[in-house]
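J.: Following this message is one structure expressed as structure tokens.
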Amino acid sequence: MIIYHQHQLSTLYSEIQKRMSARVISVFILTLSCLCQGTESQAQLSLSLLENTIERIHPVPSITHDSLTARLATGDSVLFVLFDTRSQEEYETSHIRKAIRLDPEISPEDFEKAYAKMIRDKQLVFYCSVGYRSSASIQRLKDSALKAKAIALLNLRGGIFRWYNENNPVVNSDGITDEIHPYSSAWGFLIKKRKKD
């Protein structure tokens, strides 16, 4: 078994990113994620690489977990509407407090009909597990959201996995929880295990 150090993986990824298409890069990231299942630091490096890849495939404005956390902790929180674009099962396992579950296949017309009043003069933050589905939703819904006078559409960089990994709270119908849906076993390794007290 070949063991790579973080700087070697970053260099390798950068070189590959310069030479390959986005689809091939996605396959590379999935392969890398399977190889890096051994250590937490390698898993977090994989999540960082995945974040960069998603931003390349879906170049939409983003917000980091720490910036969102800081803004939600102030009076500015009323300026934000959070949309969770994961499946119902993923959302019910846990989500960011006050996030609204949004069907990832919602049409721009249905989105505008359902949320026009709510999103007027607001910054919309979309998230999913790692940012891919939410970025695609932003690209699809941008025009209708701006028509409804939303201020901005932002993707939560790294999705709920990054949010959770940085020890931000997630909730379910019973309140705060340490549970998070892994999306699949191949993606679940990107989640840091929380230490139980």
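The values are calculated or read from the model by the stated rules, or taken from the named source; none is laboratory data. No experiment lies behind these values; they were computed from the predicted model shown. Cβ coordinates were reconstructed from backbone atoms using ideal geometry, including for glycine residues, and neighbour counts include every protein chain displayed.
J.: For residues that are closer than 22 Å to THR93 by Cα and part of a helix (DSSP H, G or I), scanning just the range 143-173, find the one that is modelled with the lowest pLDDT.
T.: Filtering the range 143-173 for residues that are closer than 22 Å to THR93 by Cα and part of a helix (DSSP H, G or I), the one modelled with the lowest pLDDT comes out as ASN165.
J.: Okay, moving on. Which of the following residues is of a type in the set (Val, Ile, Thr) and farther than 20 Å from ASN172 by Cβ: THR93, THR74, THR69?
T.: Every option except THR74 fails the conditions.
J.: Same structure, new question: Consider LEU141 against the criteria (1) within 17 Å of the chain's Cα centre (by Cα); (2) surrounded by fewer than 22 Cβ atoms within 10 Å (Cβ to Cβ); (3) over 25 Å from ALA73 (Cβ atoms): it satisfies all of them except one. Which criterion is unmet?
T.: Single failed check for LEU141: (2).
J.: While we're looking at this one, here's another question. So for the range 114-128 (the condition being touching a Gly at 6+ places or on another chain (Cβ under 9 Å) and touching a residue at least 40 places away in the same chain (Cβ under 8 Å)), does at least one residue qualify?
T.: Checked the range 114-128: at least one residue is touching a Gly at 6+ places or on another chain (Cβ under 9 Å) and touching a residue at least 40 places away in the same chain (Cβ under 8 Å).
J.: Among helices (runs of 4 or more DSSP H) lying entirely in the range 57-142, which contain 1 or more residues that are farther than 20 Å from TYR164 by Cα?
T.: 108-119
J.: When both residues are 6+ apart or on different chains and their Cβ atoms are under 8 Å apart, which pairs have a first residue that lies in the range 178-193 and is under 13 Å from VAL130 (Cα atoms), and a second that is among the β-branched types (Val, Ile, Thr) and not in a loop (DSSP other than H, G, I, E, B)?
T.: ILE180/THR93; ILE180/ILE160; ILE180/VAL170; HIS181/THR93
J.: Hey, another quick one. What's the number of the condition PRO182 fails, among (1) surrounded by fewer than 18 Cβ atoms within 10 Å (Cβ to Cβ); (2) not in a loop (DSSP other than H, G, I, E, B)?
T.: (2)
J.: Another question, if that's okay. Please verify whether ILE180 is closer than 21 Å to ILE54 by Cβ and β-branched (Val, Ile, Thr), treating the condition exactly as stated.
T.: Answer is yes for this residue.
J.: LYS195 fails exactly one of the following numbered conditions: (1) buried (at least 23 other Cβ atoms within 10 Å of the Cβ); (2) assigned to a loop (DSSP other than H, G, I, E, B). What is the number of that condition?
T.: (1)
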